[in-house]
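**Q** Pasting a structure here, questions to come.
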Amino acid sequence: MNIAFIGLGNMGAPMARNLLKAGHTLHVFDLNQDVLAELAQLGGHVSASPKNAAAQGELVITMLPAAAHVRSVYLGEEGVLAGIRAGTPAVDCSTIDPQTARDIAAAASRQGVDLADAPVSGGTGGAQAGTLTFMVGASAQLFGQLQPVLAQMGRNIVHCGEVGTGQIAKICNNLLLGISMVGVSEAMALGNALGIDTQVLAGIINSSTGRCWSSDTYNPWPGVVETAPSSRGYSGGFGADLMLKDLGLATEAAKQARQPVILGAVAQQLYQAMSLRGDGGLDFSAIIKAYRN
Ligand code: NAD
């Protein structure tokens with residue numbers, strides 16, 4: 001299949017590589033020339049704009065940093081909607097706010113284009129291994145069309161409901177993740193300060209009612225989980241600035257729904273202070289530094 005793929009960063013590039021491996025023809029576009037050169041070497045066709053890429057695709061996939069980029073890539077003069085043929089499906093895998101996803105889908109629909117939101121979880125490791133989870137907001141018919149291609153980049157392809165619901169699932173999950181990492185950090189640092197061995201404490205938590213992913217898989221205390229970013233100086237993993245962006249999406253959506261997100265707002269402020277200290281590029285579990293000397 002001819003696929004237009006726009007946005008080839010930490011996530012998009014490995015996703016695109018998996019589609020090339022699966023035998024698709026890719027028409028790629030990014031602002032970064034280096035990544036375009038790398039994809040060209042692997043057999044991708046470099047396009048001059050999102051418009052040109054979309055004109056050649058039987059499917060359009062985008063993987064961009066934030067809502068402003070998604071708006072400009074779809075709605076700009078040289079954007080996807082300026083080039084795409086009516087009837088061609090499109091899917092945006094970026095993490096953005098649900099309302100922008102719905103607005104762009106409405107603009108696409110006026111041109112006879114069905115657009116889905118399908119944010120992912122699983123990180124760069126999942127993107128490389130092709131084991132991502134896709135949270136898809138789309139009509140049942142569009143979901144059916146997208147499912148086989150998404151399955152070449154991911155393991156769990158979940159239909160969440162109509163367009164926008166993929167983003168809702170993603171931001172609610174990351175709201176909880178941001179909060180739970182602060183909670184585990186607070187408990188681990190308190191235990192250490194009071195004098196218990198942190199391995200013993202983590203073992204108790206992980207077999208007791210405090211157990212969660214932030215504790216048993218991604219513990220922020222160095223050395224507790226060998227494969228966690230905390231055990232390699234908080235490098236790699238999921239950057240604190242991306243977590244800050246996702247908490248901002250959750251608190252903004254909550255404001256529109258007049259729904260309190262009290263712990264989310266506190267967590268957001270903690271990650272914001274971390275970013276101000278210059279630690280926004282570290283893995284988000286480095287939030288534990290707020291509790292340690
Ligand atoms: P990234 O910054 O590494 O990549 C974004 C790419 O988009 C870059 O190559 C950039 O040059 C390109 N780009 C920006 N503006 C563009 C434009 N106007 N036209 C064409 N290309 C443009 O980001 P990432 O880590 O790949 O994340 C992408 C999305 O996935 C984000 O919304 C992020 O929140 C989400 N996400 C990331 C992770 C992760 O672990 N990195 C995990 C899950 C979800």
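The values are calculated or read from the model by the stated rules, or taken from the named source; none is laboratory data. Small disclaimer: the values here were computed from a predicted structure and weren't measured. Every residue, glycine among them, receives a Cβ derived from its backbone with ideal geometry; neighbour counts consider all protein chains shown. These accessible areas exclude ligands, DNA and RNA; they are computed on the full protein's heavy atoms, side chains included. Shrake-Rupley method; radii C 1.70, N 1.55, O 1.52, S 1.80 Å.
**Q** Just to check your reading of the model, which residue among 280, 183, 223 is modelled with pLDDT of 95 or more and open to solvent by 30 Å² or more (accessible area, probe 1.4 Å)? Steps first, answer last, please.
**A** Working: 280 fails: open to solvent by 30 Å² or more (accessible area, probe 1.4 Å); 223 fails: open to solvent by 30 Å² or more (accessible area, probe 1.4 Å).
Within the list 280, 183, 223, the selection yields 183.
**Q** Taking the condition farther than 24 Å from residue 10 by Cα, of a type in the set (Val, Ile, Thr) and assigned by TED's automatic domain parsing to the domain that holds residue 17, does residue 61 pass?
**A** For residue 61, the condition - farther than 24 Å from residue 10 by Cα, of a type in the set (Val, Ile, Thr) and assigned by TED's automatic domain parsing to the domain that holds residue 17 - is not met.
**Q** Does segment 90-99 include one or more residues that are away from the ligand (no atom under 15 Å from the Cβ) and either open to solvent by 10 Å² or more (accessible area, probe 1.4 Å) or in contact with a helix residue (DSSP H, G or I) (Cβ under 6 Å, 6 or more places away or on another chain) (or both)?
**A** So far as segment 90-99 goes, yes, one or more of its residues are away from the ligand (no atom under 15 Å from the Cβ) and either open to solvent by 10 Å² or more (accessible area, probe 1.4 Å) or in contact with a helix residue (DSSP H, G or I) (Cβ under 6 Å, 6 or more places away or on another chain) (or both).
**Q** Return yes when residue 171 is out of contact with any His (no Cβ under 6 Å at 6 or more places or on another chain), farther than 23 Å from residue 54 by Cβ and assigned to a helix (DSSP H, G or I) and no when it is not.
**A** Spelling it out, residue 171 is indeed out of contact with any His (no Cβ under 6 Å at 6 or more places or on another chain), farther than 23 Å from residue 54 by Cβ and assigned to a helix (DSSP H, G or I).
Rundown of residues vs (1) more than 16 Å from the ligand (Cβ to nearest atom); (2) open to solvent by 30 Å² or more (accessible area, probe 1.4 Å); (3) β-branched (Val, Ile, Thr); (4) touching a residue at least 12 places away in the same chain (Cβ under 8 Å), yes/no style:
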site: 104; (1), (2), (3), (4): no, no, yes, yes
site: 110; (1), (2), (3), (4): yes, yes, no, no
site: 116; (1), (2), (3), (4): no, no, no, yes
site: 120; (1), (2), (3), (4): no, no, yes, yes
site: 127; (1), (2), (3), (4): no, no, no, yes
site: 136; (1), (2), (3), (4): no, no, yes, yes
site: 139; (1), (2), (3), (4): yes, yes, no, yes
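**Q** Suppose the filter is in contact (Cβ under 8 Å) with a residue 12 or more places away in the chain, polar (S, T, N, Q) and surrounded by 21 or more Cβ atoms within 10 Å (Cβ to Cβ); does residue 235 pass it?
**A** For residue 235, the condition - in contact (Cβ under 8 Å) with a residue 12 or more places away in the chain, polar (S, T, N, Q) and surrounded by 21 or more Cβ atoms within 10 Å (Cβ to Cβ) - is not met.
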